[in-house]
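Every number here is computed from the coordinates shown, using simple stated rules; none is lab data. What you are looking at is a predicted structure, and each value in this text was computed from that prediction instead of being measured. Heads up, the Cβs are rebuilt from the backbone with ideal geometry, glycines too, and the neighbour counts pull from every protein chain shown.
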Amino acid sequence: MVRRRVPCDQCGDQAYHSQEASPQDRTASPQDDAQIFPVPHPTPSYWLSEPHAYANLRSTSCLLRECDVAIIGSGMAGVLTAYHILEKNPDLHVVLLDARALCSGATGRNGGHIKVQAATLAALPTDEERNAMQSFVGQTIRHVKTIVDKEGLTEYCEFELRHSFDVLCDIEAVGKVKSVYEESVKNGAEWTKEVSYLSKKMAERVTCVKGAEGGFSVQAASFWPYKFVAGVLAKLVERYGTDDEGGRRGRLNVQMNTPVTRISTSNPSPSDNNEISHLHTPRGTLSARNVVFATNAWTAGLLPSFTNTIKPRKGMASQYVRASPLPSLTKLTQQLTASYPPTQSTPTYQIPTTSTTPPPQPPTPQEQTTSTPAQTPASSSAAARGFSLPHPPYHSTTQLTSPQT
Ligand SMILES: Cc1cc2nc3c(=O)[nH]c(=O)nc-3n(C[C@H](O)[C@H](O)[C@H](O)COP(=O)(O)OP(=O)(O)OC[C@H]3O[C@@H](n4cnc5c(N)ncnc54)[C@H](O)[C@@H]3O)c2cc1C
């Protein structure tokens, strides 16, 4: 493709617009029939119920024609990729696109647990692998915390180090996980130092999940991923956005509600092996030297080679809130993952009504600095003010999984 600076016919900007990709461009993935795209009107999500000011941001009224790096997808992966690229290479021109509003995919729909379930660890074949997996999750927690702290987002995205409960309502599953856990404890395996077992009685009392057969308390971080991503994007726009947005460099251009429908590639010249990718959208074509596909479940829509590797699947996360909220209970007090046997698909909670006794403390693994649900400021202040303390499941996030899925 011969590049030529041309003014944009919509905004007149000549900054880095170039000629449209030529018709001879090699098309990489025109999958007309079975394309997998974010649907235009997705299910409303509790976690998207307070849209950020940048939810529908378009840094420029028209799509730029070229950039150094195009990032497709504005979830956790897309926005953090932009964050790290611009932090290390502040002179690159980065365009961040999304088919819908900011962070409207899985990141804007999950309950924000960073944890690994005891059952996931127990299913790995060796303690070495269990230690490695748990260490990776621990690093992820620390990495997210570092960004949250650095960018001053702790309160906004409700980041908190804590414990999370895996509640198992399937007696067989409890037996399997417990036997691996106990064997590993005997062997002094590192991963068990961050995990505690809860008996049937304890699991039900601590988590209020009716029919709990046992549980595990694991290290976790909890946060509001949409707010984290939106908060990070706001900082990026401040630092690298266009002049109109108060940014100093004009290096980051954000284009929400801009689906990429097809990618084609071309070589700038016969002697040049560096391909240029052309991102086709209903608003024009963006040419990029590098493309990041932060497209999660929809990746195969643009890269058909992933059709059998990445398959979209529905999951569910829920937020439980009292019908008439107590003023002091404005944040999560508990986080758990409940697993049910294949035959039982509907979870049941037993909700304590009048108890003023603080809930029992879960066993605390050695050397932990996380807070347990009963120690959160919200629940202790409610107790201090003489409320009948409605401890969990009020304001709990729950992930439901079944062994079948
Ligand atoms: C219900 C539920 C609960 C979950 N709970 C947890 C949890 O507790 N802990 C955990 O670690 N993980 C959890 N996950 C998984 C986690 O949410 C995802 O792994 C993570 O958010 C993926 O982030 P992402 O940025 O890769 O993708 P996404 O957040 O899905 O972002 C992908 C983006 O790409 C955009 N896009 C796709 N195709 C195109 C295209 N052609 N053109 C333009 N834009 C496009 C989409 O619109 C979307 O905004 C959960 C997932 C679900 C669904």
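Observations on the model:
- Nonlocal amide H pairs with ARG100, under 5 Å, H built at 1.01 Å: ASN257, THR258
- Highest average first, the peptides 39-52, 288-301 ordered by how many other beta carbon atoms sit within 10 Å of their residues are 288-301, 39-52.
- Backbone phi angles across region 160-171, fed through the Karplus curve with coefficients 6.51, -1.76 and 1.60 (θ = phi - 60°), yield HN-Hα couplings of 8, 7, 6, 9, 10, 9, 9, 10, 10, 9, 10, 4 Hz in residue order; Gly and Pro are listed as x.
- Listed from fewest to most Cβ neighbours within 10 Å, the set PHE223, PHE165 follows the order PHE223, PHE165.
- Built amide H within the under 5 Å cut-off of GLU66, gap 5+: SER18, SER287
- Cross-link check: pairs LYS201/LYS314; LYS235/LYS311; LYS145/LYS200; LYS150/LYS227; LYS115/LYS186; LYS145/LYS235 evaluated at a Cα-Cα cut-off of 21 Å; pairs beyond the cut-off: LYS201/LYS314; LYS235/LYS311; LYS145/LYS200; LYS115/LYS186.
- Mean projected area of the Cα convex hull of region 104-204, taken over all directions, amounts to 8.0 nm².
- Within region 251-320, the ratio Rg/Rh, alpha carbon atoms throughout and Rh by Kirkwood, equals 1.08.
- Reciprocal of mean inverse Cα separation for region 83-161 (Kirkwood radius, Å): 15.6
- Shape class for region 125-178: oblate, because the ratio a/c of the largest to smallest gyration tensor axis (alpha-carbon atoms, square roots of eigenvalues) is 1.5 or more and b/c is at least a/b.
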